[in-house]
1. Take the residues in region A:164-216 that are of a type in the set (A, V, I, L, M), assigned to a helix (DSSP H, G or I) and touching a strand residue (DSSP E or B) at 6+ places or on another chain (Cβ under 8 Å); name whichever of them is nearest to residue A:264 (Cα to Cα).
2. Answer yes or no as to whether residue A:104 is facing chain B (nearest Cβ under 10 Å) and among the charged types (D, E, K, R).
3. Only one residue in A:164, A:128 is among the polar types (S, T, N, Q) and either away from chain B (no Cβ under 14 Å) or on the phi > 0 side of the Ramachandran plot (or both). Which one?
4. If you check residue B:234 against the conditions, is it surrounded by fewer than 21 Cβ atoms within 10 Å (Cβ to Cβ), in the same structural domain as residue B:291 (by TED's automatic domain parsing) and in a helix (DSSP H, G or I)?
5. Does residue A:43 qualify as being buried (at least 19 other Cβ atoms within 10 Å of the Cβ) and aliphatic (A, V, I, L, M)?
6. Taking the conditions exactly as written (surrounded by 24 or more Cβ atoms within 10 Å (Cβ to Cβ) and not acidic (Asp, Glu)), does residue B:147 satisfy them or not?
7. Can you pull out every residue in region B:266-290 that is closer than 29 Å to residue B:78 by Cβ, over 17 Å from the mean Cα position of the chain (by Cα) and assigned to a loop (DSSP other than H, G, I, E, B)?
8. Taking the options B:115, B:95, name whichever one is touching a Leu at 6+ places or on another chain (Cβ under 9 Å), in a helix (DSSP H, G or I), of a type in the set (Phe, Trp, Tyr) and not assigned by TED's automatic domain parsing to the domain that holds residue B:221.
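The values are calculated or read from the model by the stated rules, or taken from the named source; none is laboratory data. Everything numeric here is computed off the predicted structure, so don't read it as measured data. Cβ: placed from backbone, ideal geometry, glycine included. Neighbour counts: every protein chain shown.
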Protein chains: 2
Amino acid sequence: MRVSKIGEFGLIYRLAGLISKANRKTWQSSRQVIVGLGDDAAVWRPQNPYQIATVDSLVENIHFTLRTITWEELGWKSIAVNLSDIAAMGGTPRYALISIGLPENTEVENVEALYRGMIKIAGQHRVNIIGGDTVSSPFLFISVTVLGTASNAAGRVLTRSAANPGDRVAVTNSLGASAAGLQMLLHGLKFESKLADAIRKAHVTPTPRIKEGQTLVAKAVKCGIDISDGLVGDLTHICEMSKVGARLNVDAVPVSPAAKVCFPEKALELALTGGEDYELLFTAPTRVMPVVRKALACPVTVVGEITADHPGKVVLVDGAGKPYTMKKSGWDHFGQ
Amino acid sequence: MRVSKIGEFGLIYRLAGLISKANRKTWQSSRQVIVGLGDDAAVWRPQNPYQIATVDSLVENIHFTLRTITWEELGWKSIAVNLSDIAAMGGTPRYALISIGLPENTEVENVEALYRGMIKIAGQHRVNIIGGDTVSSPFLFISVTVLGTASNAAGRVLTRSAANPGDRVAVTNSLGASAAGLQMLLHGLKFESKLADAIRKAHVTPTPRIKEGQTLVAKAVKCGIDISDGLVGDLTHICEMSKVGARLNVDAVPVSPAAKVCFPEKALELALTGGEDYELLFTAPTRVMPVVRKALACPVTVVGEITADHPGKVVLVDGAGKPYTMKKSGWDHFGQ
């Protein structure tokens, strides 16, 4: 059945039903809601006084194509990329507002699958969906706002502007699997099923590193970002905002084992510039790194250092300290 | 110059410059910001513990056409419709997050004009723009999230679900001018210039009734909504959420004088179902109405009453109490 058949209010009614069932009353976020779905705006009373907000939009044929991602995965990803921004601040996600634009001939079942994916990941993080807007649109887009609170009482967060010369630069887990998955999907490449599954999942259902971000804040790390544009691009964002430079040792970069097997020639470039890994990239004084490594359950790899030289720029070197050149850096939505 | 020429980051840099100049440091909202534009997410510490959030998306050729609205007016309107949702809760708007999807060939000057319109109305309400997302898209869309706080310390707000049988139903100012403006613009109709200007402005740069909403809360009104779908449609929303019925006296509806002159035959229908007036519709016990009327600077007109009969339904009657029939009710984005 098409959405044009049941109309905007019919669709909202169905989606509100799905969401109401999913928002658990026992969550702290839910207990704080005063006015939820269905009014002009949502109202709640947060416990922690420090509020965090982020918004990200995904547009069909720009950020995704339904030829390579299911509706349910798309729902997951649209929430995940926002949760990742909260993780990049070391915060706790609490609420989501979902604005979607749908072509009239969209199948209601597909919209419901989209929301199932959203509800699944929201539930994992006890995120309460408190509002949104459902509109007709010539193309599919999803714009999600996630609201959260600082994870510590003093309101400390990770920012892009807190890197200092001498800091080590580190990343969580490994990089490149998401970009490898995208390459496979776009070019219809075939790999051994476990590998194919791993890189596909890395791309379509990324894991936001919420706990890791909170642990970084708890261990006094001050500077962090999530890797959405690519390691080099996101480290450049830190350099620009912190008015520092960075030296990145490409031989130290933890390249995803699956990406290495699938794209032996290209895996390093995918790890450096592919983006959408949603791992955390952070900087901290040398002495803090062992503390962080001990506190985090996931691998932490030091990949470089912050410099006072060449502010705003990332210099790539190999393990021997020699300059390393690569082709492209980061992801620009307007294709520059 | 096209946005594709300066790229995503070039555009964001320009827009961030415009916004930074516009966000005044003296505003309470600005003083509470800890991390503003340019990081993964925004962080702030609100004074009032009760938070309010709303999101609304405008899509080209669905909600507007650039043949009839300027970029600057579109910017104004995209913020205004969200401020109106905060007004409908009786809250105080504080922050905005702006997500826009832009075709690659969009002129940078037009995007800047869009932001000028946003900044103008945001400034009038001391709303600090703290974040957003700028993406490439095959069509222009604007998705705005506005965050606010309750306007009173106890967190009281206006909701759609607080109407009680016996309540009077009232509206602020007059209705139908916005829909009259839309008719004029879509059909290229000509009217005397002052009239044409009045109905055009009502449609393209509506005024959110922030102060009026706050006054309603202060005077103990509990039930309110803003008129975006149309008087009948929005009163139906109240009836559904409050599980009550309503009787609406169409002869009492304050029809916009300009709409009456321009569309003498059609003005009442425009006032009843045209929508996008962004006036406030509220219900309160009979004794509260004179108090509200005295406290509000704008006209307040009682147009009906809440009934225990026919829950979820609005019955239209004329001044003599006889049933009144009309053609369509409300605005459905999927065109049902």
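1. Restricting attention to region A:164-216, the residues satisfying the condition of being of a type in the set (A, V, I, L, M) are A:169-171, A:175, A:177, A:179-180, A:182, A:184-186, A:189, A:195-196, A:198-199, A:202, A:204, A:210, A:216.
Retained after the next criterion (residues that are assigned to a helix (DSSP H, G or I)): A:177, A:179-180, A:182, A:184-186, A:195-196, A:198-199, A:202, A:204, A:210, A:216.
Then drop every residue that is not touching a strand residue (DSSP E or B) at 6+ places or on another chain (Cβ under 8 Å), which leaves A:210, A:216.
Working: A:210: 31, A:216: 32 Å.
Among those that are of a type in the set (A, V, I, L, M), assigned to a helix (DSSP H, G or I) and touching a strand residue (DSSP E or B) at 6+ places or on another chain (Cβ under 8 Å), it is A:210.
2. Yes: the conditions hold for residue A:104.
3. Checking each option against the conditions leaves just A:164.
4. Numbers: surrounded by fewer than 21 Cβ atoms within 10 Å (Cβ to Cβ): no; in the same structural domain as residue B:291 (by TED's automatic domain parsing): yes; in a helix (DSSP H, G or I): yes.
It is false that residue B:234 is surrounded by fewer than 21 Cβ atoms within 10 Å (Cβ to Cβ), in the same structural domain as residue B:291 (by TED's automatic domain parsing) and in a helix (DSSP H, G or I).
5. Details: buried (at least 19 other Cβ atoms within 10 Å of the Cβ): yes; aliphatic (A, V, I, L, M): yes.
For residue A:43, the condition - buried (at least 19 other Cβ atoms within 10 Å of the Cβ) and aliphatic (A, V, I, L, M) - is met.
6. Against the criterion (surrounded by 24 or more Cβ atoms within 10 Å (Cβ to Cβ) and not acidic (Asp, Glu)), residue B:147 qualifies.
7. B:266
8. Working: B:95 fails: in a helix (DSSP H, G or I).
Unique residue meeting the criteria: B:115.
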